[in-house]
Amino acid sequence: MHSGMTIKDEKLYIVMVGLPAKGKSTIAVRMRDMFNRNDVPTRIFNNGEIRRKYAPLKDTWASAFYSPENTAAVELRKRFTLININRAREYLKKRGQVAILDATNVSRSRRQLIEEHLQDHPILYIECINNDDDIVQLSIQQKIKSPEFAGLSREVALREFKKRIEYYRIIANPLQTERNYIVMDSLHNKVLKEKLHEQLPLYSRIRDCLVTDVVKSLYLIRHTETYYNVEDRIGGDPELTPRGIEHAKALARFFQKKKISYIFTSEKIRTIQTAREIKSLQQNCTIVPLSEFNEINGGICESMSYDEIQRTMPEVYSARKEDKYNYSYPDGEGYATMKERIKIGIKKAFFLNMTPDNIMIIGHRAVNRMILSHFLYRREADVPYIYVPQDKLYHIVATQDRKVFELKKFQ
Ligand code: F6P
């Protein structure tokens, strides 16, 4: 009897809350993986999947399907919710320990429906908020690539999805009366608000998971050789040399058997060209250029060689040598001033990749040093000297319980 009570009390429903494209599924997957790694059987119950499975002929891409005025569709969506609620309950009755309900659940009435039907174990709501415009736009662009929008023009898909979000916004009520909840900034992995009415099982693990950058496998690559590299010139927007293209093809072969869904690059030709080669040997791979990963801006020194800088602007050369981390090029950047945008780039990449598996970033020498320093402790003064070769890549694993750094040859 007593042990039965203990087991029962260790079970938990987690209910995701948030408008579409706010990162709920990414966080649900991160929690599921963390629990399953720790032998806590966990499953995600996603309303979108049920909708796509049971209503394939029902134009669920159309925003009208989400209008609060469309009573038939409201009823249908309620039925899908109930299917998941029942599945989640059954799962916890058997061997499941954590059931994650992944849907918008933005209205109080929807949450009341969940509470009426799930009374056997506590519920923890996790609301995802994220107001970064870029991220929302990029997530919407990814969403409209799903089969639900197949056959529609990009404009129509975009319009309909945005309208869908507006319909959800109309019915949204903030978490307030609910017993247990966490509101989090899903881009910065930051808890904004938390309320706990009772001791919840597994709470510290969940909270820790929410604020940790988890990456099961990050491939950090520097673009291959460019015409500027040959002449030791900095910055600019040069193309790859034939040797650079050869190396990019070698990278592509190296990754051929690994599934890479997204390649995050800078907006510069050299990183995109390297990515295109890798993409060419992948099945379903999208290149996402992010300005956050653009190389350090050399300001008035852009496109000059180190030799030229030393000759024509000796004061710049020596000041940089004196304190490379804190020095900013006139009208340009320094390592210190890049820090914030690089951090945002990493958050965006992790957010958009959806799963913590095989994240690939193709950056530049200074950019990759900053990315490495995000995971690998280095004194600031040492960051601008981290070794970032063009013929090897870094493979990084950083989970709550495992950290690995490897410098690997790819050819
Ligand atoms: O030379 C290639 C490059 O990526 C330049 O574009 C950039 O200015 C430089 O490396 C950064 O390295 P460092 O800070 O050592 O000059």
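Figures for the structure shown
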quantity	calculated
Search result, residues across region 275-305 that are within 16 Å of the ligand (Cβ to nearest atom) and aliphatic (A, V, I, L, M)	I296, I300, M304
Count of residues meeting criterion [of a type in the set (A, V, I, L, M, F, W, C), over 22 Å from Y228 (Cα atoms) and away from the ligand (no atom under 12 Å from the Cβ)] in region 361-411	12
Criterion (part of a loop (DSSP other than H, G, I, E, B), on the phi < 0 side of the Ramachandran plot and surrounded by 22 or more Cβ atoms within 10 Å (Cβ to Cβ)) met by exactly one of T212, T271, T224	T224
Of all residues making up region 311-336, the number that are in contact with a helix residue (DSSP H, G or I) (Cβ under 7 Å, 6 or more places away or on another chain), away from the ligand (no atom under 12 Å from the Cβ), open to solvent by 50 Å² or more (accessible area, probe 1.4 Å) and not charged (D, E, K, R)	1
Residue in region 170-178 that is open to solvent by 50 Å² or more (accessible area, probe 1.4 Å) and either within 27 Å of I272 (Cβ to Cβ) or outside any loop (DSSP other than H, G, I, E, B) (or both) present	yes
Test: residue in region 376-390 that is β-branched (V, I, T), buried (at least 17 other Cβ atoms within 10 Å of the Cβ), touching a strand residue (DSSP E or B) at 6+ places or on another chain (Cβ under 9 Å) and closer than 19 Å to P289 by Cα	no
Residue in region 120-140 that is modelled with pLDDT of 95 or more, within 28 Å of the chain's Cα centre (by Cα) and among the small types (G, A, S) present	no
Qualifying residue in region 182-201 (condition: within 30 Å of F35 (Cα to Cα), in the same structural domain as Y387 (by TED's automatic domain parsing), outside any loop (DSSP other than H, G, I, E, B) and away from the ligand (no atom under 16 Å from the Cβ))	no
Selected residue (criterion: nearest to the ligand (Cβ to nearest atom)) from residues of region 227-254 that are touching a residue at least 60 places away in the same chain (Cβ under 8 Å) and among the hydrophobic types (A, V, I, L, M, F, W, C)	I234
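The values are calculated or read from the model by the stated rules, or taken from the named source; none is laboratory data. What you see is a predicted model; the values in this text were computed from it and never measured. Counting neighbours? That spans all protein chains shown, and the Cβs are built from the backbone with ideal geometry, glycine included. Only protein heavy atoms, including side chains, enter the accessible area calculation; ligands, DNA and RNA are left aside. Shrake-Rupley method; radii C 1.70, N 1.55, O 1.52, S 1.80 Å.
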